[in-house]
Amino acid sequence: VYLDNVYQFEEPFLEIADEFLNHNLYFDVRCSTLLKDILIRVLRLAATQTQGINQQKVDKILAYIHTNYQSTLTNRHLAEHFGYHENYIGTLILKYTGLTLHQYVLNYRMQTAVGLLQSTTLSVSQVAEKVGMPDIKHFSKCFKKLLGHPPSSFKVK
């Protein structure tokens with residue numbers, strides 16, 4: 001597979017290396033999750049290059065999501081920000097990631113939460129608020145559903 005813009009995979013690989021070398025709590029789960037994410041992104045990137053999806057548009061939208069994940073992100077909000085129709089935003093995100101915008105944002109928030117739980121002394125409720133999910137019950141339910149463990153089990157002791 002030949003891919004343009006492979007630079008975007010450097011940070012996740014460095015994070016995997018750091019997790020593996022430091023053997024943080026549940027490092028194996030985190031490494032596995034990060035590697036799966038990289039593989040999915042590689043496959044989707046290859047598919048989008050052959051499908052003609054404008055990669056630059058998607059990269060800008062995803063970069064915006066990664067910067068503003070703490071706030072409310074909807075198709076309408078992103079459409080207004082980027083000047084596209086909200087259905088077009090949804091279609092781009094779905095084609096590139098295989099996830100709806102809501103699913104993508106939720107997954108990104110949970111990955112960020114795992115990193116915060118393992119690298120800071122913040123409480124679970126503080127982490128939930130920091131990733132844009134101030135309702136601790138909803139955060140915990142989503143976290144456990146996606147990762148198979150409650151957020152407290154990822155907390156550094």
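The values are calculated or read from the model by the stated rules, or taken from the named source; none is laboratory data. Please read all numbers here as calculations on a predicted model, not as lab measurements. Note that each Cβ is placed from the backbone with ideal geometry, even for glycine, and that neighbours are counted across all protein chains shown. All accessible areas refer to the heavy atoms of the entire protein, side chains included, with ligands and DNA or RNA removed. Shrake-Rupley method; radii C 1.70, N 1.55, O 1.52, S 1.80 Å.
Computed with a 1.4 Å probe over protein heavy atoms only, the accessible surface of the chain comes to 59 Å² per residue.
Secondary-structure-derived ellipticity at 222 nm for the chain, considering helices only, amounts to -22500 deg cm²/dmol, per-run term -39500 (n - 2.57) for DSSP H runs with n ≥ 4. The distance between label points at Phe27 and Ser152 comes to 2.6 nm (points 7 Å beyond Cα on the Cα→Cβ vector). Taking 0.36 nm per residue of separation and subtracting the Cα-Cα distance, full extension of the segment from Glu129 to Lys60 would add 22.3 nm.
About its Cα centre, the dipole of the chain is roughly 540 debye, where the only charges are +1 on Lys and Arg Cβ and -1 on Asp and Glu Cβ. Going toward the positive end of the dipole of segment 17-85, with +1 on Lys and Arg Cβ and -1 on Asp and Glu Cβ, which of Ala63, Thr74, Cys31 do you reach last? Comparing the listed Cα positions along the dipole, Thr74 ranks first.
Within the shell defined by Cβ-Cβ distances under 14 Å, the residues around Leu21 carry a net charge of -3, with Lys and Arg each +1 and Asp and Glu each -1.
What is the distance in Å between the Cα centroid of segment 105-157 and that of segment 21-35? What the calculation gives is 15 Å, centre to centre. Peptides 124-137, 101-114 ranked from most to least packed give 101-114, 124-137, packing being the mean of other C-beta atoms within 10 angstrom over each peptide's residues. In segment 40-157, Cα pairs under 8 Å separated by at least six residues give a relative contact order of 21 percent. Cross-link pairs exceeding 21 Å between alpha carbons, from the set Lys60/Lys95; Lys36/Lys95; Lys60/Lys144; Lys36/Lys144; Lys60/Lys130; Lys57/Lys141: Lys60/Lys144; Lys60/Lys130; Lys57/Lys141. Of Glu80, Glu19, the order by accessible heavy-atom surface (1.4 Å probe, DNA, RNA and ligands excluded), from most exposed downward, is Glu80, Glu19. Dipole of the chain computed with +1 at Lys/Arg Cβ and -1 at Asp/Glu Cβ about the Cα centre; of Phe13, Pro134, Ile40, farthest Cα towards the positive end is Pro134. Take the alpha carbon gyration tensor of segment 24-107, find the square roots of its eigenvalues, order them as a ≥ b ≥ c, and report rounded if a/c is under 1.5; if not, report prolate when a/b exceeds b/c, else oblate. Oblate is the answer for segment 24-107, as a/c is 1.5 or above yet b/c matches or exceeds a/b.
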